[in-house]
1. Restricting to region B:244-289, count the residues that are assigned to a loop (DSSP other than H, G, I, E, B), at negative phi and of a type outside the set (A, V, I, L, M).
2. From B:202, B:198, B:234, which residue is under 30 Å from residue B:11 (Cβ atoms), outside any loop (DSSP other than H, G, I, E, B) and not hydrophobic (A, V, I, L, M, F, W, C)?
3. Could you tell me how many of the residues in region A:152-176 are open to solvent by 30 Å² or more (accessible area, probe 1.4 Å) and either polar (S, T, N, Q) or farther than 14 Å from residue A:189 by Cβ (or both)?
4. What are the residues in region A:173-215 that are within 11 Å of another protein chain (Cβ to nearest Cβ), over 16 Å from the mean Cα position of the chain (by Cα) and either under 16 Å from residue A:50 (Cβ atoms) or assigned to a helix (DSSP H, G or I) (or both), if any?
5. In this structure, does residue A:250 turn out to be within 13 Å of another protein chain (Cβ to nearest Cβ), farther than 25 Å from residue B:241 by Cβ and in a loop (DSSP other than H, G, I, E, B)?
6. For region B:164-175, which positions are part of a helix (DSSP H, G or I) and open to solvent by less than 20 Å² (accessible area, probe 1.4 Å)?
7. For residue B:153, work out the one condition from (1) in contact (Cβ under 8 Å) with a residue 24 or more places away in the chain; (2) surrounded by fewer than 19 Cβ atoms within 10 Å (Cβ to Cβ) it doesn't fulfil.
8. Condition check: surrounded by fewer than 20 Cβ atoms within 10 Å (Cβ to Cβ) and in contact (Cβ under 8 Å) with a residue 24 or more places away in the chain. Does residue A:22 satisfy that?
Amino acid sequence: MSVDVLTRPLFSVRGLCLSFPDQSRKPLFGAAPRIEVLKGLDLDIPEGRITGIVGESGSGKSTLGRVLVRLLTPDAGQVLLDGKDIAHLDEDALRPLRRDLQMIFQDPMSSLNPRHNVARIITTPMKRYGLGGSHADALAALERVGLGAAFAERYPHELSGGQRQRVGIARAIALKPRFILADEIVSGLDVSSQAQVLSLLKDLARDMGLTVAFISHDLSVIRHLCDDVIVLNLGEILESGSVEQVFDNPQSEVTKTLLDAIPLPELDPDWFD
Amino acid sequence: MTDRPTLDILQLTVTLRGGRKLLRDVSLKVQPGEVRALVGESGAGKSMIGKAVLGILPPNIKPTEGEILLDTHHLNAMTPVTRRRTVSKIASLIPQDPLTALNPVRKIGPQIVDPLIHIHGWSRDKARERARELLDRVQIRNTDRVLQSYPHELSGGMRQRVLIASAFAPSPRLIVADEPTTALDVTVQKQILRLIRELQQETGTAVLFVTHDMGVVAKISQRVSVLFAGRVMEDAATEDVFRNPQHPYTEALIAATPSYSDLNRSFSPVPPALIADLHAKIAAEEAAS
């Protein structure tokens with residue numbers, strides 16, 4: 001397809017390995033044994049597209065996301081951003097990149113400061129990066145996520161789950177990033193707010209030319225939102241490709257199991273069998 | 001149906017201090033062995049119904065009108081103490097969040113066993129035996145280890161299994177399941193739903209199943225109450241709801257549920273116009289009454 005020729009990868013990941021110490025098996029003296037969470041991943045995240053990262057709990061999908069935005073440092077391997085390896089850059093060298101790599105979190109209540117109003121939540125990072133940060137900037141960002149000016153003065157506890165998640169999106173896009181990591185951003189929402197937040201994210205990504213990595217365990221959501229999908233299991237990539245390829249012709253048992261586990265809104269007396 | 005329902009809610013109205021009605025004229029029945037889903041968006045009052053039945057509403061919220069009949073007991077006519085004693089013997093709760101529902105500083109074993117001894121009057125040996133049996137039943141392999149564990153040592157799926165075992169252990173007539181799978185990922189959700197269904201079919205327990213997911217409704221329930229703003233919009237057999245929804249709000253909820261198999265469907269939020277319309281109708285009714 002012509003799309004493949006035009007899109008180049010924003011991220012190229014090669015041989016990515018990461019492990020955590022397992023404190024529950026730590027001997028009295030000496031180091032704790034390590035659990036390998038990511039076992040040598042090779043993948044590309046194409047620029048300007050939405051890539052779904054899917055897998056069961058413990059598959060390493062969130063860990064992979066956090067390595068991409070360099071909240072975690074891998075043990076080995078390369079994370080090429082525009083061809084430049086950012087896998088082991090120190091905090092000083094990362095700072096100019098932070099603005100480009102934004103994140104939207106699963107739980108908006110714990111990722112928005114409860115003592116700050118919405119305007120301040122949105123403008124604080126803007127000021128940090130010298131991108132303005134006036135009240136008008138906050139209103140503009142709110143408007144992009146479909147929230148009126150009245151929301152600027154509100155505090156997170158005064159908002160519904162869907163509205164909070166919109167504020168999280170507004171904070172991320174106000175920095176005009178190149179990449180957004182969205183980690184299970186709709187799993188806490190009811191279906192109607194979920195549909196709203198997803199269509200908002202899709203529109204924004206298209207309008208702003210954003211590259212998005214969307215982590216989810218819900219393949220129905222991935223199918224509707226994403227262009228490409230990566231299926232992870234126990235720290236390894238089982239399959240990847242365009243959503244059409246993976247959904248119409250799933251290669252691995254895990255993908256099939258994940259598809260079967262989704263309760264579709266239709267009658268199916270044999271679903272449990 | 002000639003069976004007497006396990007739970008019969010008649011025109012229940014629940015009011016917040018200050019007079020705002022959080023539930024209005026809610027009526028529904030749950031027959032023995034039946035799963036009734038309560039579905040609606042956040043704030044529709046679906047959890048409130050379960051809480052009203054179990055008598056665990058927050059202190060500033062009170063049932064003001066209507067009746068709750070649980071297995072022939074008129075709950076709203078009882079004193080709080082008799083009510084609590086009666087309900088705790090007949091009904092159990094499977095809560096949404098398995099971490100906050102378990103006491104973090106006590107082992108799993110006593111948390112399952114103690115209610116069987118103190119509420120149901122069983123001997124310690126019988127209660128322990130039953131706890132093992134139920135943990136085995138919810139496919140926990142290393143029963144003895146789990147009984148000796150603290151909640152933080154178990155995964156989310158394991159904790160939810162423990163709570164299901166605990167809810168079913170006294171063979172209750174009614175179980176209120178308040179979004180028991182919302183915090184779990186899809187593969188674990190399917191296992192948990194299957195367990196609830198199997199146990200419920202074996203024991204003939206009636207289940208009031210609170211969820212916002214029309215997909216879950218389609219798989220687990222026989223009947224559905226669709227709630228909006230504290231009112232029942234539609235009460236019907238699950239089959240009929242999916243074949244031929246009678247209320248536009250029901251239809252909108254189904255349309256809002258993502259489905260990977262049907263891409264032609266819009267996967268659209270409930271239209272704001274419909275919500276405004278429903279609110280207007282409700283306001284008009286209230287003005288008229």
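The values are calculated or read from the model by the stated rules, or taken from the named source; none is laboratory data. Values in this document were obtained by computation on a predicted structure and should not be read as measured data. Backbone-built Cβ (ideal geometry, glycine too); neighbour counts: all protein chains shown. The accessibility values were calculated without ligands, DNA or RNA, using every heavy atom of the protein model including side chains. Shrake-Rupley method; radii C 1.70, N 1.55, O 1.52, S 1.80 Å.
1. Within region B:244-289, the first condition is being assigned to a loop (DSSP other than H, G, I, E, B), and the residues that meet it are B:244-247, B:257-271, B:289.
Still in the list and also at negative phi: B:244-247, B:257-266, B:268-271, B:289.
The next check asks that each one be of a type outside the set (A, V, I, L, M); those that pass are B:244-247, B:257-262, B:264-266, B:268-269, B:271, B:289.
Qualifying residue count, region B:244-289: 17.
2. Numbers: B:202 fails: under 30 Å from residue B:11 (Cβ atoms); B:198 fails: under 30 Å from residue B:11 (Cβ atoms).
Going through B:202, B:198, B:234 in turn, the sole match is B:234.
3. 9
4. Of everything in region A:173-215, those that are within 11 Å of another protein chain (Cβ to nearest Cβ), over 16 Å from the mean Cα position of the chain (by Cα) and either under 16 Å from residue A:50 (Cβ atoms) or assigned to a helix (DSSP H, G or I) (or both) turn out to be A:191, A:192, A:193, A:195, A:196.
5. Working: within 13 Å of another protein chain (Cβ to nearest Cβ): yes; farther than 25 Å from residue B:241 by Cβ: yes; in a loop (DSSP other than H, G, I, E, B): yes.
The answer is yes for residue A:250.
6. From region B:164-175, those part of a helix (DSSP H, G or I) are B:164-168; that's our starting set.
Scanning region B:164-175 gives B:164, B:165, B:167, B:168.
7. So residue B:153 meets the others, but not (1).
8. Values: surrounded by fewer than 20 Cβ atoms within 10 Å (Cβ to Cβ): yes; in contact (Cβ under 8 Å) with a residue 24 or more places away in the chain: no.
No.
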